[in-house]
1. Please work out if Thr358 is open to solvent by 40 Å² or more (accessible area, probe 1.4 Å) and β-branched (Val, Ile, Thr).
2. Just wondering, is there one or more residues in the stretch 28-35 that are crowded, with 18+ Cβ neighbours inside 10 Å and touching a helix residue (DSSP H, G or I) at 6+ places or on another chain (Cβ under 9 Å)?
3. If Ile268 satisfies every condition in (1) modelled with pLDDT under 90; (2) under 30 Å from Asn247 (Cα atoms) but one, which is the exception?
4. Taking strands (runs of 3 or more DSSP E) that do not extend beyond the stretch 321-379, which have at least 2 residues that are touching a residue at least 60 places away in the same chain (Cβ under 8 Å) and under 13 Å from Thr302 (Cβ atoms)?
5. For the stretch 93-115, name all the residues that are among the small types (Gly, Ala, Ser) and open to solvent by 50 Å² or more (accessible area, probe 1.4 Å).
6. Being out of contact with any strand residue (DSSP E or B) (no Cβ under 7 Å at 6 or more places or on another chain) and either assigned to a loop (DSSP other than H, G, I, E, B) or within 23 Å of Thr354 (Cβ to Cβ) (or both) is the requirement here; does Thr34 meet it?
7. Using beta carbons and a limit of 6 Å, which pairs, at least six apart or on different chains, have the first residue in the stretch 271-285 and within 13 Å of Val367 (Cβ to Cβ) and the second one open to solvent by less than 40 Å² (accessible area, probe 1.4 Å) and assigned to a helix (DSSP H, G or I)?
8. Let me spell it out: the conditions are (1) of a type outside the set (Val, Ile, Thr); (2) open to solvent by less than 60 Å² (accessible area, probe 1.4 Å); (3) not in a loop (DSSP other than H, G, I, E, B), and Gln267 meets all of them except one. Which number is the exception?
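The values are calculated or read from the model by the stated rules, or taken from the named source; none is laboratory data. Not measured: the values here are computed from a predicted model. Don't worry about glycine lacking a Cβ; one is built from the backbone with ideal geometry, like all the others, and counts go over all protein chains shown. Protein only, heavy atoms only, side chains kept; ligands, DNA and RNA dropped before computing areas. Shrake-Rupley method; radii C 1.70, N 1.55, O 1.52, S 1.80 Å.
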Amino acid sequence: MNLFTIDELTTLTTVSNSTCISIYAPMERLGIETQQNPIRLKNLARQAEEKLLALGLPGQDAKELMQPIHELDTYDFWQHQSDGLAIFLSPNQLRYYCLPIAFPELTVVGDRFHLKPLLQLMSGDGMFSVLALSQNQVRLFQGTRYHLDEVELTEVPTNIAAALQYDDPEKSLQAHTGSSKGNSGIFHGQGAGNEDHKNDLLSYFRQVDSGLESFLKNQQAPLIFAGVDYLLPIYHEANTYSHLLPNGISGNPETLTLAELHTQAWQIAQPYFDLAKGSTISHYEELQGSEKTANTIEEVLTAAYFQRVETLFVPIDKNVWGVFDPEGNSIQIHAQQETGDEDLLDLAALHTLTNGGTVYAVEQGDVPEHKAIAAILRY
């Protein structure tokens with residue numbers, strides 16, 4: 001399984017002119033309902049194989065191409081699920097993602113991977129991260145309004161002792177766990193409360209920040225700090241990620257359940273998302289009718305391809321099938337998907353994201369002017 005980042009999205013977009021299979025499925029997480037997960041995947045895999053046959057692929061070739069998906073059906077695989085599963089298969093690669101969104105069931109076979117359902121995770125109001133720091137643990141979580149999942153970290157110190165690597169017992173930092181929830185997990189030891197102690201924490205936090213760099217690279221998702229109050233300003237001093245929010249979750253995160261951590265994080269993230277989205281919609285309305293906005297698929301897709309789209313509103317619940325020829329700057333739109341077609345809304349969103357723009361993946365009724373698509377242009 002891969003963590004889904006903008007780099008992963010870019011990797012998936014580079015696969016083209018090949019047989020690309022995209023499968024999305026909601027996953028059950030608890031109880032006897034989890035038995036539905038492998039059955040659902042088998043059904044979707046069968047649908048994909050039927051589509052391959054309909055496109056003229058010989059039966060044995062179709063079975064061989066689908067084999068890597070069938071090989072996923074193991075006990076260990078089903079023990080590590082989230083709310084949704086996305087699988088991408090081509091003759092040269094298999095990539096899958098366990099993600100905190102319950103995708104509707106969908107199977108698409110085409111010349112490119114179908115990625116629009118994933119845009120909810122990369123959109124302006126899609127995903128946030130939570131950095132939970134205490135003396136004993138460094139943990140990172142990815143979340144949406146629906147769920148929070150822990151991310152496995154490999155390049156980050158596990159705790160302050162590992163970061164500072166003290167071998168002098170007199171300089172070792174020890175934890176004091178207070179009786180109250182808000183004061184637990186406070187660092188103290190030689191130099192506690194003075195400039196030396198702050199420098200130790202700053203060194204620790206800079207190592208954490210450096211270790212997170214590869215994961216947060218090119219992301220725009222807000223990062224929420226969770227830790228005792230006096231650590232937040234010190235982490236802000238060490239931080240280099242431009243989307244760290246000014247407010248954090250107060251208290252020792254080790255004392256919070258995953259559900260409690262998610263609730264508190266969403267209380268911080270939601271106003272941030274709402275404010276940013278509302279401001280963007282107001283900006284679109286101010287520019288409406290000028291050369292700085294576009295609201296047809298022909299205008300928007302061409303602008304997105306040539307890096308002119310600053311912000312895009314795209315409906316997550318609609319497809320527009322057709323063919324885009326950037327060299328001839330022409331677009332053909334078809335009422336139903338035909339051989340060689342791709343979702344033009346999906347394509348506009350992908351070009352916007354990979355060219356540094358912001359995408360809001362919304363319901364159709366939430367697109368400005370109630371159009372099929374809408375964009376604010378850079379020029």
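1. Here the answer is no, as Thr358 does not meet what is asked.
2. For the stretch 28-35, residues crowded, with 18+ Cβ neighbours inside 10 Å and touching a helix residue (DSSP H, G or I) at 6+ places or on another chain (Cβ under 9 Å): absent.
3. Of the numbered conditions (1) modelled with pLDDT under 90; (2) under 30 Å from Asn247 (Cα atoms), the odd one out for Ile268 is (1).
4. Hits in the stretch 321-379: 374-377.
5. Ala102
6. no
7. Tyr284/Pro368
8. Result: Gln267 fails condition (2) only.
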